[in-house]
1. Could you list, in sequence order, all residues of region 54-70 that are touching a residue at least 24 places away in the same chain (Cβ under 8 Å) and in contact with a Leu (Cβ under 9 Å, 6 or more places away or on another chain)?
2. Are any residues in region 27-42 touching a residue at least 12 places away in the same chain (Cβ under 8 Å) and not β-branched (Val, Ile, Thr), and if so, which ones?
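Quick note: the coordinates plus some simple rules give every number you see, no bench work behind them. Note that the coordinates shown come from a computational prediction; the quantities given were computed from them, not determined experimentally. Please note: Cβ atoms are built from the backbone with ideal geometry, for glycine as well, and neighbour counts cover all protein chains shown.
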Amino acid sequence: MFLPASFSEQDGGEVVKKKAFVPPPRFMNIDEARELHIRVERRRDPMTGDYFENIGGILFKDGFMYKAVSLKSIIAQNCRGWI
């Protein structure tokens, strides 16, 4: 990194770091995955009967990722009503 001759951290100057560009989150596009020759399988979930796109064991439906979680892993504090 090039710094001017008059610049010195000892003089109280600070090195300003540029923040990396992080693209905004977006939905999974199955058509784009197919265009990139990523293997996409369409399967029916035996528990729900719904159809999902399966990419490497990850389930997607309408651009959202679906994941099974244990109810024991959910921590709910100060919630009103029923889960």
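1. Passing the criteria: only Met65.
2. Here is the first cut: in region 27-42, the residues touching a residue at least 12 places away in the same chain (Cβ under 8 Å) are 27-30, 33, 38-42.
Listed by number, the residues that qualify are Phe27, Met28, Asn29, Ala33, Arg39, Glu41, Arg42.
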